[in-house]
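Visitor: Structure below; questions to follow.
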Amino acid sequence: MLVKVHTAALNALNAQDVTLEIDMSKRPRGEREPMVFMVGLPDNAVRESSTRVASAIANSRFKLPQNHTVANFAPADVRKEGTAYDLPLAIGLLAADRMVDVHALEGTMLLGELGLDGSLRPVKGALSISILARRLGYKNLILPADNAREAAVVDTLRVYGATRLKDVIDHLNGHAALQQVVVNTREEFYAAQSNYPLDMADVKGQENVKRALEVAAAGGHNLLLIGSPGCGKSMMAKRLPGILPQLTLAESLETTQIHSVAGKLGSDTSLIAQRPFRAPHHTISDVALIGGGASLQPGEISLAHNGILFLDELPEFSRTALETMRQPLEDRQITISRTKYTATLPCSFMLVASMNPCPCGYYNHPTKACTCLPGQIHRYMGKISGPLLDRIDIQVEVTPVPLQDLAAAPKGETSADIRQRVIRARDIQTERFRSERGVHCNAQMSARLIEKYARPDAEGSERLNRAMKALGLSARAYERVLKVARTVADLEGALTITASHIGEAVGYRNLDRSTWGE
């Protein structure tokens, strides 16, 4: 008997329809054990599923089919990977042996990994597969209960979460229906948008650095904090998500889809409503940072999509790992090409990095003497390439607050108050770039857009030219200064970039000064 079961395969963030065809025939005379032959480019994990499925069926108190079976995963030219085919294979075998109602499989997509005891375990990419099922017109999706909430975000599709194989069989045979999982997407999204737990009010002093964080958030600018150990660089960076605008529903769905494919969603999570904050250790490999591997996995830059990628102790990261970020920082997407696949993943994130100013950490410290020679400082800074540094708009030096001032300092401005100013500046940019495709904030402006939207007045141009000469700023700093100056003007609601806006923007280019480290 020939039976067709519908499931799906993941391809980067998208899913592809897969039809599992089960053809069961009588066992040839003399053969002692029934055999399952798999075709259609299954990988080792898929081939091993026949053993898992056999035990799961037996331990679920059902009789294992005793005939020979051919299982074809169509289309046959797409490689099938992972354990999500366990449940479709089990149901297909039982349906071919007339133990599951074949008609109940029409309009239904199934996926899930099986334990030997018949329990269902979560799989990756449930949201992407749910989106595919709705697009192709499927009515029902049956999958492990731990994946049900993320899949139920998609409307007009009946999603059923099961914990055991027997529950799925009973549901398809009409003996005991599974409970449909329903998620009110908008209600869940807004309920999850609670305040960020870390508040900028906890930071005492450091007003100039907090201002730099506000400018970075308002324009979507990449940021580098340079300062001695213990001056508060990491503390302030971790509070940056609290002053960014909340995720929109579209951004939330896109971010959730990436984390779903990576298997990073919890069983109680339907949507990611807070902007991601990823802080990988400096020992991270190139592949873990940008994504890839034998079986495609999103890297940290994609997991930080619509959020922040924080690199603490920037010079300690591998030079090759840092260089891989140069193109994604510009294009806001990464194309990964391997022998078995080519995939494009989104990675629109703010890069926030911190570092010591020198090997000993005390260059420019107000009270502690630096023991490094100028050559050592230059070699230390040389670990960060010029092209990468060129993509960081704001470079600000952080000096420690004296203990007596720290104790007496009042509580600072709250993140909520700062966020309101950031949102107003972002609204101005949204209106400005409404007709510019793919540009949403000042940090994304090209040379053409800088010429169109970020031209200073006469006094501002004169001040910028004087600063370039007096401070020995590099040529690459010119456009970066104009981008940041445009954001400073937006925070004030000013239409024209003036000399004061240029002055503040120039102050955020510490590492471009020719005297740094001397």
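The values are calculated or read from the model by the stated rules, or taken from the named source; none is laboratory data. Bear in mind that the values here come from a model prediction, so they are computed numbers and not experimental data. Neighbour counts run over all protein chains shown; Cβ positions are idealised from the backbone, glycine included.
Visitor: For ILE142, which of the numbered conditions (1) without any contact (Cβ under 8 Å) to a residue 60 or more places away in the chain; (2) farther than 19 Å from LEU114 by Cβ fails to hold?
Guide: (2)
Visitor: Identify all residues within segment 440-459 that are under 25 Å from the mean Cα position of the chain (by Cα) and in a helix (DSSP H, G or I); write none if there are none. Steps first, answer last, please.
Guide: Keep residues of segment 440-459 that are under 25 Å from the mean Cα position of the chain (by Cα), which gives 440-446.
Scanning segment 440-459 gives ASN442, ALA443, GLN444.
Visitor: Are any residues in segment 119-145 in a loop (DSSP other than H, G, I, E, B) and crowded, with 24+ Cβ neighbours inside 10 Å, and if so, which ones? Let's see the steps before the verdict.
Guide: The initial filter retains those residues of segment 119-145 that are in a loop (DSSP other than H, G, I, E, B), namely 122-125, 136-139.
Once the filter is applied, which keeps residues that are in a loop (DSSP other than H, G, I, E, B) and crowded, with 24+ Cβ neighbours inside 10 Å, segment 119-145 yields only GLY125.
Visitor: If you scan segment 211-235, which residues turn out to be in a helix (DSSP H, G or I) and surrounded by 20 or more Cβ atoms within 10 Å (Cβ to Cβ)? Reasoning before the result, please.
Guide: Keep residues of segment 211-235 that are in a helix (DSSP H, G or I), which gives 211-219, 233-235.
Passing the criteria: ALA212, LEU213, GLU214, VAL215, ALA216, ALA217, ALA218, GLY219, LYS233.
Visitor: Pick from segment 345-359 the residues that are assigned to a strand (DSSP E or B) and in contact with a Ser or Thr (Cβ under 7 Å, 6 or more places away or on another chain): which of them is surrounded by the most Cβ atoms within 10 Å (Cβ to Cβ)? Can you show your working first?
Guide: Initial filter on segment 345-359 (assigned to a strand (DSSP E or B)): 345-346, 350-355.
Checking which are in contact with a Ser or Thr (Cβ under 7 Å, 6 or more places away or on another chain) leaves us with 345-346, 354.
On the way: LEU345: 24, PRO346: 20, SER354: 21.
Across segment 345-359, the extreme among qualifying residues is LEU345.
Visitor: Check SER302, SER270 and return the single one that is more than 10 Å from the chain's Cα centre (by Cα) and under 28 Å from VAL154 (Cβ atoms). Spell out the reasoning first.
Guide: Numbers: SER302 fails: more than 10 Å from the chain's Cα centre (by Cα).
On inspection, the qualifying residue turns out to be SER270.
Visitor: Would you be able to say whether some residue in segment 167-185 is among the charged types (D, E, K, R) and over 18 Å from HIS103 (Cα atoms)?
Guide: Residues of segment 167-185 that are among the charged types (D, E, K, R), as a first pass: 167, 170.
This time we only want the ones that are over 18 Å from HIS103 (Cα atoms), so: none.
The answer is no, given that none of the residues of segment 167-185 is among the charged types (D, E, K, R) and over 18 Å from HIS103 (Cα atoms).
Visitor: Of the residues in segment 469-508, how many are within 20 Å of SER446 (Cβ to Cβ), in contact (Cβ under 8 Å) with a residue 24 or more places away in the chain and not in a helix (DSSP H, G or I)?
Guide: The total comes to 3.
To keep it simple, each residue is scored yes or no on (1) acidic (Asp, Glu); (2) in the same structural domain as ILE129 (by TED's automatic domain parsing); (3) crowded, with 16+ Cβ neighbours inside 10 Å; (4) within 25 Å of LYS340 (Cβ to Cβ).
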| residue | (1), (2), (3), (4) |
| --- | --- |
| ALA250 | no, no, no, no |
| GLY263 | no, no, no, yes |
| ILE272 | no, no, yes, no |
| ALA279 | no, no, no, no |
| HIS282 | no, no, no, no |
| SER285 | no, no, no, yes |
| LEU289 | no, no, yes, yes |
| LEU296 | no, no, yes, yes |
| GLY299 | no, no, yes, yes |
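Visitor: Right, another one. Which of the residues spanning segment 79-109 are surrounded by 18 or more Cβ atoms within 10 Å (Cβ to Cβ), closer than 26 Å to GLY125 by Cα and either charged (D, E, K, R) or not assigned by TED's automatic domain parsing to the domain that holds VAL39 (or both)?
Guide: LYS80, GLU81, ASP86, listed by residue number.
Visitor: Follow-up. Does ARG437 satisfy the condition of being modelled with pLDDT of 90 or more, among the basic types (Lys, Arg) and either buried (at least 17 other Cβ atoms within 10 Å of the Cβ) or not in a helix (DSSP H, G or I) (or both)? Spell out the reasoning first.
Guide: Values: modelled with pLDDT of 90 or more: no; among the basic types (Lys, Arg): yes; either buried (at least 17 other Cβ atoms within 10 Å of the Cβ) or not in a helix (DSSP H, G or I) (or both): yes.
When the stated conditions are applied, ARG437 does not pass them.
Visitor: Of the conditions (1) touching a residue at least 60 places away in the same chain (Cβ under 8 Å); (2) part of a helix (DSSP H, G or I), ALA148 clears all except one; give me its number.
Guide: Among (1) touching a residue at least 60 places away in the same chain (Cβ under 8 Å); (2) part of a helix (DSSP H, G or I), ALA148 violates only (1).
Visitor: Of the residues that make up segment 410-421, is at least one closer than 21 Å to ALA216 by Cβ, surrounded by 18 or more Cβ atoms within 10 Å (Cβ to Cβ), aliphatic (A, V, I, L, M) and assigned by TED's automatic domain parsing to the domain that holds ASN208? So that I can check it myself, show each step before the final result.
Guide: Going residue by residue through segment 410-421, those that are closer than 21 Å to ALA216 by Cβ are 412-421.
With surrounded by 18 or more Cβ atoms within 10 Å (Cβ to Cβ) added as a condition, the list becomes 412, 415, 418-419, 421.
From what's left, aliphatic (A, V, I, L, M): 418.
Still in the running and assigned by TED's automatic domain parsing to the domain that holds ASN208: none.
No, segment 410-421 contains no residue that is closer than 21 Å to ALA216 by Cβ, surrounded by 18 or more Cβ atoms within 10 Å (Cβ to Cβ), aliphatic (A, V, I, L, M) and assigned by TED's automatic domain parsing to the domain that holds ASN208.
Visitor: If you check VAL396 against the conditions, is it touching a helix residue (DSSP H, G or I) at 6+ places or on another chain (Cβ under 6 Å) and of a type in the set (A, V, I, L, M, F, W, C)? Working first, answer last.
Guide: Values: touching a helix residue (DSSP H, G or I) at 6+ places or on another chain (Cβ under 6 Å): yes; of a type in the set (A, V, I, L, M, F, W, C): yes.
Judged against the criteria, VAL396 is a match.
Visitor: Quick one: LEU345 ticks every box in (1) over 28 Å from ALA443 (Cα atoms); (2) touching a Gly at 6+ places or on another chain (Cβ under 7 Å) except a single one, so which number is it?
Guide: The single condition LEU345 does not satisfy is (1).
Visitor: For GLN376, only one of the following conditions fails: (1) crowded, with 16+ Cβ neighbours inside 10 Å; (2) within 27 Å of the chain's Cα centre (by Cα). What is its number?
Guide: The number of the failed condition is (2).
Visitor: Testing VAL102 on (1) of a type in the set (Val, Ile, Thr); (2) under 26 Å from GLY137 (Cα atoms); (3) under 36 Å from the mean Cα position of the chain (by Cα), one condition comes back false. Which one is that?
Guide: (3)
Visitor: Kindly evaluate GLU397 against the criterion of being buried (at least 20 other Cβ atoms within 10 Å of the Cβ), in contact (Cβ under 8 Å) with a residue 24 or more places away in the chain and acidic (Asp, Glu).
Guide: Working: buried (at least 20 other Cβ atoms within 10 Å of the Cβ): yes; in contact (Cβ under 8 Å) with a residue 24 or more places away in the chain: yes; acidic (Asp, Glu): yes.
For GLU397, the condition - buried (at least 20 other Cβ atoms within 10 Å of the Cβ), in contact (Cβ under 8 Å) with a residue 24 or more places away in the chain and acidic (Asp, Glu) - is met.
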